[in-house]
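Peer 1: Okay, handing you the structure first.
Laboratory data are not the source of any read-out in this text; all were calculated from the coordinates shown. In this text, all values refer to a predicted model and were calculated from it rather than measured experimentally. Please note: Cβ atoms are built from the backbone with ideal geometry, for glycine as well, and neighbour counts cover all protein chains shown.
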Amino acid sequence: MPARAAGSDADLIRELAERARAGGLELTGENGLLGRLTELVVESALEGGMIDRLGCGKDDPAGRNGGNSRNGYRA
């Protein structure tokens, strides 16, 4: 990752933490910022994996009724 992008990522994370603190959100704990960010990262990675595996996005008509398609449900 280029240094410029890494700096931007660090700034974004810093801003999120500052907003969380200012809004009274804990950084750690059951409903904290860290847990929510982790959830979003894992969900994004899983979604990306599905797109790579199936070759189409969630609502892409090209993936309907194929031999290896989404069923539209996930817990």
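Peer 1: How many nm separate the modelled label positions at VAL41 and ALA17, each set 7 Å beyond the Cα in the direction of the Cβ?
Peer 2: Label-label distance for VAL41 and ALA17, simple model: 1.3 nm.
Peer 1: On to the next question. Would you work out which of ASN31, GLY49, ILE13 lies farthest towards the positive end of the dipole of segment 3-62? Charges go on Cβ: Lys and Arg +1, Asp and Glu -1.
Peer 2: Value: ILE13.
Peer 1: Please state, rounded to one decimal and in Å, the Kirkwood hydrodynamic radius that segment 3-62 gives when every pair of distinct Cα atoms enters the mean of 1/r. Mind showing how you got there, number by number?
Peer 2: On the way: mean 1/r = 0.0730 Å⁻¹.
It is 13.7 Å.
Peer 1: Relative to the present Cα-Cα distance, how much length would full extension add between GLU30 and ASP52 at 0.36 nm per residue of separation?
Peer 2: Length difference between fully extended and current span is 4.8 nm.
Peer 1: Taking the Cβ of each residue in LEU27, LEU33 as the centre, tally the other Cβ atoms inside 10 Å and list the residues starting with the fewest.
Peer 2: LEU27, LEU33
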